[in-house]
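Novice: The structure's right below; bear with me while I get my questions together.
The values are calculated or read from the model by the stated rules, or taken from the named source; none is laboratory data. For clarity, every value in this text was computed on a predicted model and none was experimentally measured. Reconstructed Cβ throughout: ideal geometry from the backbone, glycine too, with neighbour counts over all protein chains shown.
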Amino acid sequence: MSKKGILLVGHGSKLPYNKELVEETAGLIARRYPDFIVKCGFMNMNSPSIEESMNEFRNEPIDVLVVVPLFLAKGVHILHDIPEILGLSQGETRGHFALNGSSIPLLYADPIGSDPLLADLMVKNAEKVLSSL
């Protein structure tokens, strides 16, 4: 039975917490959504790279690969760097991924952007620090 692949892309950082946050988020997704095989890849400074993680997916029983950037907003990495790594032209969100001698859909998702859940998280963080008064 085929599953869907999610490649969660983080920026990468010299600070270990940033890599851990992406990995923990990938783990949460994998546990909550068993129809997905989830892996992480990083733009720079951390491993595995986006390319390395994509290669790991070549051995998985997936029928689609979705690349989801764990970024808040569109910037140079989202608009140029990541699409280039994925083999997509600027502005494209669909391509193909070679897998076991065949080709499956490759989809590129938007960054988090403005979302009511993000507003809720910010209020949660504000309330947490306010509780220390």
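Novice: So, in region 69-119, how many residues would count as being among the polar types (S, T, N, Q), under 20 Å from Ser2 (Cα atoms) and touching a Leu at 6+ places or on another chain (Cβ under 7 Å)? Lay out the reasoning, then the answer.
Specialist: Taking region 69-119 as the starting set, the residues that turn out to be among the polar types (S, T, N, Q) are 89-90, 93, 100, 102-103, 114.
Those still in the list that are under 20 Å from Ser2 (Cα atoms) too: 100, 102-103.
Those still in the list that are touching a Leu at 6+ places or on another chain (Cβ under 7 Å) too: none.
Number satisfying all stated conditions: 0.
Novice: Taking region 71-107 as the region of interest, how many residues are touching a His at 6+ places or on another chain (Cβ under 8 Å) and within 17 Å of Ala26 (Cβ to Cβ)?
Specialist: Number satisfying all stated conditions: 1.
Novice: Right, something else. Return yes or no: is Val64 among the aliphatic types (A, V, I, L, M), under 25 Å from Ile37 (Cβ atoms) and touching a Leu at 6+ places or on another chain (Cβ under 6 Å)? It would help to see each step written out before you state the result.
Specialist: Numbers: among the aliphatic types (A, V, I, L, M): yes; under 25 Å from Ile37 (Cβ atoms): yes; touching a Leu at 6+ places or on another chain (Cβ under 6 Å): no.
Against the criterion (among the aliphatic types (A, V, I, L, M), under 25 Å from Ile37 (Cβ atoms) and touching a Leu at 6+ places or on another chain (Cβ under 6 Å)), Val64 does not qualify.
Novice: Tell me which of these Leu121 doesn't satisfy, since it passes every other one: (1) surrounded by fewer than 10 Cβ atoms within 10 Å (Cβ to Cβ); (2) of a type in the set (A, V, I, L, M); (3) over 20 Å from Val9 (Cα atoms).
Specialist: Status for Leu121: all satisfied but (1).
Novice: Of the residues Ser132, Ser89, Ser102, Ser49, which is in contact with a helix residue (DSSP H, G or I) (Cβ under 9 Å, 6 or more places away or on another chain) and farther than 20 Å from Val22 by Cα? It would help to see each step written out before you state the result.
Specialist: Details: Ser132 fails: in contact with a helix residue (DSSP H, G or I) (Cβ under 9 Å, 6 or more places away or on another chain); Ser102 fails: in contact with a helix residue (DSSP H, G or I) (Cβ under 9 Å, 6 or more places away or on another chain); Ser49 fails: farther than 20 Å from Val22 by Cα.
Answer to the selection: Ser89.
Novice: Give all pairs with beta carbons closer than 7 Å in which a residue from region 119-130 that is without any contact (Cβ under 8 Å) to a residue 40 or more places away in the chain meets a residue that is loosely packed, with under 10 Cβ neighbours inside 10 Å and part of a helix (DSSP H, G or I); count only pairs at least 6 apart in sequence or on separate chains.
Specialist: none
Novice: Identify, please: which residue in region 90-112 is assigned to a loop (DSSP other than H, G, I, E, B) and at pLDDT below 95 and is, among those, surrounded by the fewest Cβ atoms within 10 Å (Cβ to Cβ)?
Specialist: Applying the first criterion (assigned to a loop (DSSP other than H, G, I, E, B)) to region 90-112 yields 90-93, 100-101, 109-112.
Okay, now just the ones that are also at pLDDT below 95, so 90-91, 100-101.
Numbers: Gln90: 8, Gly91: 7, Asn100: 11, Gly101: 5.
The residue in question is Gly101.
Novice: What are the pairs with Cβ atoms under 7 angstrom where one residue, in region 70-99, is more than 12 Å from His11 (Cα to Cα) and the other, located anywhere, is of a type in the set (Asp, Glu) and assigned to a loop (DSSP other than H, G, I, E, B)? Sequence gap at least six, or different chains.
Specialist: Short answer, once both residue conditions are applied: Pro83/Glu92.
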